[in-house]
1. Does the stretch 78-97 hold any residues that are exposed (fewer than 15 other Cβ atoms within 10 Å of the Cβ) and either on the phi > 0 side of the Ramachandran plot or at pLDDT below 90 (or both), and which are they?
2. Just the residues that are in contact with a Phe, Trp or Tyr (Cβ under 8 Å, 6 or more places away or on another chain) and under 15 Å from THR95 (Cα atoms), please, taken from the stretch 11-42.
3. Given THR46, THR38, which one is modelled with pLDDT of 90 or more, under 24 Å from SER102 (Cα atoms) and not basic (Lys, Arg)?
4. Look through the stretch 35-64, keep the residues that are farther than 19 Å from PRO11 by Cα and in a helix (DSSP H, G or I), and return whichever of them is farthest from the chain's Cα centre (by Cα).
5. From the list LEU16, LEU59, LEU69, LEU28, pick out the single residue that is over 16 Å from ILE115 (Cβ atoms) and surrounded by fewer than 19 Cβ atoms within 10 Å (Cβ to Cβ).
6. I need a count of the residues in the stretch 75-90 that are without any contact (Cβ under 8 Å) to a residue 12 or more places away in the chain and not in a loop (DSSP other than H, G, I, E, B).
7. Take the residues in the stretch 10-34 that are modelled with pLDDT of 85 or more and part of a helix (DSSP H, G or I); name whichever of them is farthest from SER74 (Cα to Cα).
Amino acid sequence: MEPKNSHWAMPYDDWLALCSGLAQSDRLTSRHGVAIGTVMVWAEVTQAEYLLCPLLQRLRRSGSDSDSLIDEVSKCFTPANQRGGRLELRRRLQTYVHELGSRIDAGNPLDGSPIMLGRVGGRMT
């Protein structure tokens, strides 16, 4: 039996909003869809090693190539790479994680509905 919420994925609209205006937004959203955001948020919410994320485990079990996804996530978590767009993405993700945590703590289901975050001038607030 899989743990509760093991199939959670970041809603596509949330990932687009989080990447909006970033220099790498096309690369972040086109190659892996919501997978980068899903893995990063899972790791932050659970405070676990991102390599243990159920999404990555499913990809490995199915024989899918997860190396490029792992490489992208690793770059985002590596302190030396946290500048410019990646630094801004991490800041936005921290806000997102806080909102998601509040939803979980309140007992609201993770049903794939977007987490509404404020936006001012195209930036997450």
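1. Initially, the stretch 78-97 is screened for residues exposed (fewer than 15 other Cβ atoms within 10 Å of the Cβ), giving 78-81, 83-84, 87, 91, 94.
Scanning the stretch 78-97 gives THR78, PRO79, ALA80, ASN81, ARG83, GLY84, LEU87.
2. Matches in the stretch 11-42: ASP14, LEU18, GLY37, THR38, MET40, VAL41, TRP42.
3. Details: THR46 fails: modelled with pLDDT of 90 or more.
After ruling out the rest, the residue left standing is THR38.
4. The initial filter retains those residues of the stretch 35-64 that are farther than 19 Å from PRO11 by Cα, namely 47-49, 51-52, 57, 60-64.
Add one more test, that the residue is in a helix (DSSP H, G or I), and what stays is 51-52, 57, 60-61.
Values: LEU51: 13, LEU52: 14, GLN57: 16, ARG60: 18, ARG61: 21 Å.
Per the stated criteria, the residue is ARG61.
5. Values: LEU16 fails: over 16 Å from ILE115 (Cβ atoms); LEU69 fails: surrounded by fewer than 19 Cβ atoms within 10 Å (Cβ to Cβ); LEU28 fails: surrounded by fewer than 19 Cβ atoms within 10 Å (Cβ to Cβ).
Matching residue, one of LEU16, LEU59, LEU69, LEU28: LEU59.
6. Here is the first cut: in the stretch 75-90, the residues without any contact (Cβ under 8 Å) to a residue 12 or more places away in the chain are 75, 78-83, 87.
After this cut, where a residue has to be not in a loop (DSSP other than H, G, I, E, B) as well, the list is 75, 79-81, 87.
Count: 5.
7. Just the residues of the stretch 10-34 that are modelled with pLDDT of 85 or more, to begin with: 10-22, 32-34.
The next check asks that each one be part of a helix (DSSP H, G or I); those that pass are 12-19.
Working: TYR12: 21, ASP13: 23, ASP14: 21, TRP15: 18, LEU16: 20, ALA17: 21, LEU18: 18, CYS19: 17 Å.
That would be ASP13.
The values are calculated or read from the model by the stated rules, or taken from the named source; none is laboratory data. Computed from a predicted structure; not experimentally measured. Cβ sites come from the backbone with ideal geometry, for glycine too, and all protein chains shown count toward neighbours.
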